[in-house]
Structures are given as C-alpha cells and as structure tokens.
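The values are calculated or read from the model by the stated rules, or taken from the named source; none is laboratory data. Remember, predicted model here, so these are calculated numbers, not experimental data. All Cβ positions, even for glycine, are placed from backbone atoms using ideal geometry, and neighbour counts span all protein chains on display.
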Number of protein chains: 2
Amino acid sequence: MIGGGQLARMAHQAGVPLGVRFKLLADTPQDSAAQVVADTVLGDYRDMETLRRFAADCDVVTFDHEHVPTEHLRALEADGIAVRPGPDALVNAQDKGVMRAKLDSIGVPCPRHRIVADPADVTAFAAEGSGYPVVLKTVRGGYDGKGVWVVDDEAGAAAPFLAGVPVLAEEKVDFLRELAANVVRSPSGQAVAYPVVESVQENGVCAEVTAPAPGLDPELAAEAQALALRIAGDLGIVGHLAVELFQTRDGRVLVNELAMRPHNSGHWTQDGAVTSQFENHLRAVLDLPLGDPRPRAKWTVMVNVLGGDYPDMYHAFLHCMARDPGLRIHMYGKDVKPGRKVGHVNVFGDDLDDVRERARHAAAYLRGTITE
Amino acid sequence: MIGGGQLARMAHQAGVPLGVRFKLLADTPQDSAAQVVADTVLGDYRDMETLRRFAADCDVVTFDHEHVPTEHLRALEADGIAVRPGPDALVNAQDKGVMRAKLDSIGVPCPRHRIVADPADVTAFAAEGSGYPVVLKTVRGGYDGKGVWVVDDEAGAAAPFLAGVPVLAEEKVDFLRELAANVVRSPSGQAVAYPVVESVQENGVCAEVTAPAPGLDPELAAEAQALALRIAGDLGIVGHLAVELFQTRDGRVLVNELAMRPHNSGHWTQDGAVTSQFENHLRAVLDLPLGDPRPRAKWTVMVNVLGGDYPDMYHAFLHCMARDPGLRIHMYGKDVKPGRKVGHVNVFGDDLDDVRERARHAAAYLRGTITE
C-alpha cells in the first residue's frame, strides 16, 4: 500500500487475520501506518524509481490516497505490476473534471457543472442556472474541503484560479442531507454493497456517519447502491469505492465525490459490519472472494475525533473508556493538532438516540470541547 | 510483549486502534507476530541482558507465553520495570505444582492430586482413590498436551520421570465436558468476565470452542465466572486469565489448568464479543479501563485450523471464503505442517447447528480432510 496515513494503518490491521504480507511505502517513520506495519519502506511516492523498487516484489499495489501521479501508475503497469485500482479508474478520483465527464457519459446524475475559464465565466455559469452561490473546485489536489470554494459573486470567484489548475464550477445543491454508498468490487467483477449511510460534514470534513441512513426510503437506498455498483463496474474500479451523494429535497440522489480507497464514511464497518471496508478492500485488490457487508447492529454511529487545544488526550481517553465500556475507539497514533483528525469512535446498538449521544459525547470529550 | 507467536500477532492487531506503541521480542523474523509488528526486536527471552535491553523503554512488559524464567522477571521488576502479570502470579501458570498448592490454599476445587516421587508412588496415589488410570504431568514445560500422560498402570508411569522434573499426579476426572472461564483483571482490581464457553480438546489440543457453553445451568456458569474472578484476585493476576474447567457429571466444576495471557478458548471474542480478549489483555496490563466483554451474537463457534498434508492452503482459503462470506478466518502466517495450529475460524449467528457446521466445514476444508 502506498501512503502511510490512517487508512493504511487500519488496512494493515484488517490484513493481519488474512495472513497477507502487507508492505507499506510511507514518508516518515512517524506516519500513522509506519508506526505499526512491520514491512515499511520510506520514500517519496512521487519518485518513479522509488515506486519501482517498492513494487518490484509486490503481488499487487494499492493506495491510501489518490496522489500518485497517473503516469507513474501507467509505468508500473507497463512493468507488469498489478495496480488496483488501475490508473484508468483512479484518474476519476484524481481529477474532478475527468470524473464529471465520465459520469455524464454513463448517465449518472450529478449536480449541474462545467469547467470554467475565469471569474466572468463563473458568472456566465451561474446565469445559466439559478445564479450565485456557485461551488468552485480545482480539478486536482483537493481533499477534506481543501480546493473547494463556495462563492457568492464574481469578485469572490478569483481565488480558485490562482493555482493555475483547471477549475470546475458546480451548482450549489440545496440538499436535504448527504449520503454515502460504499461498495467493493474485485477484478473478477464480484461486488458487495454496504448499507447506504448518512454523513454529516463540518467545514468540508466528514464529522459523523450513521449506518444505515435513518428514514431513508428503501427504494432510494437501493437506487443509490445500484448507482455505486454501476459506477464501480463502468469505471473498472477494483477495491473500495465510496460514492458521496446529495439527497435532494425532491427525492433524488446526485453524485458529489468519488473515493477509490477505504473512506471515512465506511469506518463504521470496523465494528458495525460483518466484514470491514478495510478487509474487503484488501480482499478485492488481492482477488480474494469478498466478505459479507451486512450490518451487525441495528444502528452504528461513527464520529471523528478531532484534535483540540490539549496535545495530551491520555486522561480524556481514560475517562471515555471508563464511562462507556462499549465504546470502540480507533486512534491513529498522530500528534494532536487543533482540528486534525486523530481518530474516530464507533458505537453500535438498538437505540439510535443513545448510540449517537454516546459517540458524540466521546468525540467531544476527547477533543476537549466538553469536560463532563 | 515477549514472544512472537500468534497470540502476540493478534494482540498487536488489537492494539492498533488503542494507539499504543507495541514492541515485540521475537526469536526470528519469521515468527507469526514478527511478520506484522513494526517495532520488533530479535533475541532470546531466556537471556537476562536481552530482556533488560528490550524492556528498558517499555511502560509495561507482558507475554505471549509463560516460558520466561521467573528469576528474570523478578530481576526486571527489581530494575523498576512493570511486569504484568507479575512473577508471583505467573509462577502459577509456569509450575503446576505451585498452582495446585495455591488453589488448594484458597479453597478452589481441583481434581485430587499430589506430587509423586516415582512409579510406585503413582500406584500408591491411584490406590488412595479409585485406582488407575492416573494423569501425570511434569510441573513445568508442558503445553498443548505435551508434558501430560494418561497412564493405565505402574509400568506406563515411568516416562514422565525421565525428564528429571517434579511430577504431579491427578485423578482422571470422568467429566461431562470441558469449560473455560475467561476473565481479565487490571492492576486497580477492575475485572470483567466473558461468558463461560464449552471447549472440545482433541489429542490434548483445543479444537473447538462454543460461546456460550450450550445448555449450561446459569447458576453453574455464574459459579465458574466467580471462581475465575476469585482466582484472578487472590493470585494477583493482571491481564487475561483463562481457567480451564472440567464439568463433572454430578454438576460441579473443577479447575484443570490456568493460562495468564490471551488463550485459545477466548479466540471467539475477536468476532463474538464487544471487546476481544486481546484488547482487554492490553487494556489491563496498561491499566486502561476494561472494555465490555458481552457477546455480540447468540452463538459464536471457534474451530482451530490445523495443518494437513498440503503445504499450500491458498486454494482452500479461496474456496472457503467464496462458499461462506460470513466466515471470519484468522491466519497466523505460519508454514503449514501436519497437526500444527496455523489459524482459526470464527462463525457467529442465531442457529447453533448452522454456526457449528459452517465453522467445522471451513476448518476441515482448510486442513484438507474434506474436499467439498
């Protein structure tokens, strides 16, 4: 796996019982995954020779993030290395312009969008629809709200163009809520779909996920799952695919973003599903039969733990564990910095209000925003 | 953790979400745990200087096995290292003579027993009860049926004395079945008890565990749990304690063996309990609040995967995963040798017959004793 973040850390954890040899390419020994993976190589994923040496004895190469240059992935494939997901699929998670064009071509419903040339063109795009505000995204390099702007007028539309990267304009969808449809597909085409979840974002960062999405019309849930499975198939994705969706007030779903790796909206599966997204991602890229994606509890809620003002979470950690023995805490081994994702908590049970309150309480206490 | 076997491998896996720094002392890089743990030191656990160097920067030292010499553990403690479980507790898992004397002193019911001097003394011991057969055990060094003999007469009683280790004689209990009571205790005295399980041994090796023990009288189950909690407290155990029990035909429980580390009879907890024995062992030795030990399914069955005649399990692995997506397979990364424990499978669900059949089928198929 290329990339030493928490997704690689948790994939390693999931790989232990599979008996697979898990090899990691990380930036530093302090990386979240490098702290726990026996077979860690340090190096720069942007350097072709580093990638080549790393991949030489791998059966398959997969990713913790989407940042490996597409041309390097093609070169690895030309060397005979199995790259999963492959560059032709992955480019849809790397480049939002490519992704929108591809989804259009296969008839997947998306927010109204087009590539815009300059602020005046943004105003023209706005005028084609219901006007400002408009969402602007650089087509490459964004994550967790970075590279995304919601602009209210032409003056505000200047910033995204400064990076010299093509800019995609999208209508600001007046959504009821955000959903995510997580599916996993293997090279043979076997695929599994997790229950559709509700996802709450704060400042462009995933904050809370409820599985399954409460009150979701079963037909719309099935439609969202079918959409994700179709995208996985049509784009030739191997591994985990997270499809972030807007549920509109008129009962439709529109695709917001794609991620072709384990995803924050699937962390609940570690404690809430028979087979976690991490294990199924590994099974898929290794072409092993996929595991049962069904939920193990009526409700599972995941809340991200963000860093607060106190660098030492140890006493908060003790308090939360003592207060709630059923809490499933997942820490990433990262230094605490304000607003940084340093872990998440999962809680499962029969009573959604109780489950949600427990998960929220723990995350808030760990962050330090509450003290009792 | 000292010892690189599968217990350390699975403890590492359980430690990843806790965010703990897990350091391993293993014999070779091929050891089950050394394959997966980032911070692995190679060395001989019988060598005091190796232990001292290994432990110098550890907050606490714990074990994958009971073989570290007691005097070395005392020396580590004298150096100011936290050793959990401590040598005074651990000696009861290292020396069956010490264990029996200790359990007698605190009034815990055991099979009739005494240290015997020679084969003639074994005959005298037999005559004090209901005669042969008698169970003979070397007081140190045995595991998985090694160091245990069931002898039918004085001539057969010679072998155990050849090792020059004291020999313990025990009545051969005419038991209904074997049970195990697993508990975890922290230094502060907090303790949790897992449901009492039924354990089936084959050739002295744990083969199958059913959680909870089917048809067990709730009063006897509570008595077994209370017994295990009392042993943990009275012996000052920190960490996981497995109490292997005989359920007699007249409705009593007698203590067979003690293990002070995660134990084969607790492997079901990985998929069948809210908090696994591995996580709770780590929480206990680190003096973190313990996690909920309650079961997550009506029934969970664990069957060990033993090596068969075919060194390559890969195709059997594929077949089992494809046949049963709900199967939870745990492989140890070990070379397959006939009869060697190389993994286990857990299956959970509402229907005991179904759950048991699925677990047994997978284990038998992986071993190669069935082909469909």
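Considering every residue within the stretch B:318-326, establish whether at least one is within 8 Å of chain A (Cβ to nearest Cβ), free of Cβ contacts under 8 Å to residues at least 60 places away in the same chain and more than 19 Å from B:Gln270 (Cα to Cα).
Within the stretch B:318-326, one or more residues are within 8 Å of chain A (Cβ to nearest Cβ), free of Cβ contacts under 8 Å to residues at least 60 places away in the same chain and more than 19 Å from B:Gln270 (Cα to Cα).
Given the options A:Gly80, A:Gly86, name the one that is more than 22 Å from B:Val16 (Cβ to Cβ), away from chain B (no Cβ under 14 Å), more than 20 Å from the chain's Cα centre (by Cα) and not charged (D, E, K, R).
Exactly one of A:Gly80, A:Gly86 is more than 22 Å from B:Val16 (Cβ to Cβ), away from chain B (no Cβ under 14 Å), more than 20 Å from the chain's Cα centre (by Cα) and not charged (D, E, K, R), namely A:Gly80.
From B:Tyr365, B:Tyr314, grab the single residue that is farther than 25 Å from B:Met1 by Cβ, more than 9 Å from chain A (Cβ to nearest Cβ), of a type in the set (Ser, Thr, Tyr) and touching a helix residue (DSSP H, G or I) at 6+ places or on another chain (Cβ under 7 Å).
None of the others qualify; the one that does is B:Tyr365.
For the stretch A:183-196, how many residues meet the condition of being without any contact (Cβ under 8 Å) to a residue 60 or more places away in the chain and surrounded by fewer than 20 Cβ atoms within 10 Å (Cβ to Cβ)?
1
Looking at this structure, is A:His330 within 11 Å of chain B (Cβ to nearest Cβ) and more than 18 Å from A:Cys206 (Cα to Cα)?
No, not satisfied.
Quick one: in the stretch B:241-300, of everything that is hydrophobic (A, V, I, L, M, F, W, C) and assigned to a helix (DSSP H, G or I), which residue is farthest from B:Ser188 (Cα to Cα)?
B:Phe278
Taking the condition in contact with a Ser or Thr (Cβ under 7 Å, 6 or more places away or on another chain), under 21 Å from B:Ala211 (Cα atoms) and modelled with pLDDT of 95 or more, does B:Val345 pass?
no
Would you mind stating whether A:Ala169 is in contact with a helix residue (DSSP H, G or I) (Cβ under 6 Å, 6 or more places away or on another chain), of a type in the set (A, V, I, L, M, F, W, C) and more than 28 Å from A:Trp299 (Cβ to Cβ)?
yes
Listed here are the residues, each with its yes/no results for (1) without any contact (Cβ under 8 Å) to a residue 40 or more places away in the chain; (2) part of a helix (DSSP H, G or I); (3) in the same structural domain as B:Gly233 (by TED's automatic domain parsing).
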position	(1), (2), (3)
B:Leu73	yes, yes, no
B:Glu77	yes, yes, no
B:Val91	yes, yes, no
B:Gly97	no, yes, no
B:Arg100	no, yes, no
B:Asp104	yes, yes, no
B:Gly107	yes, no, no
B:Val122	no, yes, no
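Return yes when B:Ser199 is closer than 28 Å to B:Ala89 by Cβ, surrounded by fewer than 18 Cβ atoms within 10 Å (Cβ to Cβ), in contact (Cβ under 8 Å) with a residue 40 or more places away in the chain and among the small types (Gly, Ala, Ser) and no when it is not.
So B:Ser199 fails the test.
If B:Asp335 meets every condition in (1) crowded, with 19+ Cβ neighbours inside 10 Å; (2) assigned to a loop (DSSP other than H, G, I, E, B) apart from one, which number is that one?
Among (1) crowded, with 19+ Cβ neighbours inside 10 Å; (2) assigned to a loop (DSSP other than H, G, I, E, B), B:Asp335 violates only (1).
Do we find that B:Gly19 is within 14 Å of chain A (Cβ to nearest Cβ), free of Cβ contacts under 8 Å to residues at least 60 places away in the same chain and on the phi > 0 side of the Ramachandran plot in this structure?
Judged against the criteria, B:Gly19 is a match.
Please determine whether any residue of the stretch B:54-63 is closer than 25 Å to B:Leu227 by Cβ, in contact with a Pro (Cβ under 8 Å, 6 or more places away or on another chain), assigned to a loop (DSSP other than H, G, I, E, B) and at pLDDT below 95.
no
I'd like the full set of residues that are surrounded by 22 or more Cβ atoms within 10 Å (Cβ to Cβ) and within 11 Å of chain A (Cβ to nearest Cβ), limited to the stretch B:291-311.
Of everything in the stretch B:291-311, those that are surrounded by 22 or more Cβ atoms within 10 Å (Cβ to Cβ) and within 11 Å of chain A (Cβ to nearest Cβ) turn out to be B:Gly291, B:Pro293, B:Val305.
State yes or no: is A:Pro85 assigned to a loop (DSSP other than H, G, I, E, B) and surrounded by fewer than 15 Cβ atoms within 10 Å (Cβ to Cβ)?
Considered against the rule, which asks whether it is assigned to a loop (DSSP other than H, G, I, E, B) and surrounded by fewer than 15 Cβ atoms within 10 Å (Cβ to Cβ), A:Pro85 comes out as no.
With respect to A:Thr50, determine if the residue is farther than 27 Å from B:Asp271 by Cα, within 14 Å of another protein chain (Cβ to nearest Cβ) and either in a loop (DSSP other than H, G, I, E, B) or out of contact with any strand residue (DSSP E or B) (no Cβ under 7 Å at 6 or more places or on another chain) (or both).
no
Can you find a residue that is over 16 Å from the mean Cα position of the chain (by Cα) and more than 13 Å from chain B (Cβ to nearest Cβ) anywhere in the stretch A:266-278?
Scanning the stretch A:266-278, I find no residue that is over 16 Å from the mean Cα position of the chain (by Cα) and more than 13 Å from chain B (Cβ to nearest Cβ), so the answer is no.
Residue by residue through the stretch A:124-167, note down the ones that are part of a loop (DSSP other than H, G, I, E, B), surrounded by fewer than 18 Cβ atoms within 10 Å (Cβ to Cβ) and either on the phi > 0 side of the Ramachandran plot or touching a Phe, Trp or Tyr at 6+ places or on another chain (Cβ under 8 Å) (or both).
Matches in the stretch A:124-167: A:Gly131, A:Gly141, A:Asp144, A:Gly145, A:Asp152, A:Asp153, A:Gly164.
Assess whether B:Glu66 counts as being part of a loop (DSSP other than H, G, I, E, B) and among the acidic types (Asp, Glu).
Judged against the criteria, B:Glu66 is a match.
State whether the residues of the stretch A:211-221 include one that is within 23 Å of A:Glu66 (Cβ to Cβ) and modelled with pLDDT of 95 or more.
no
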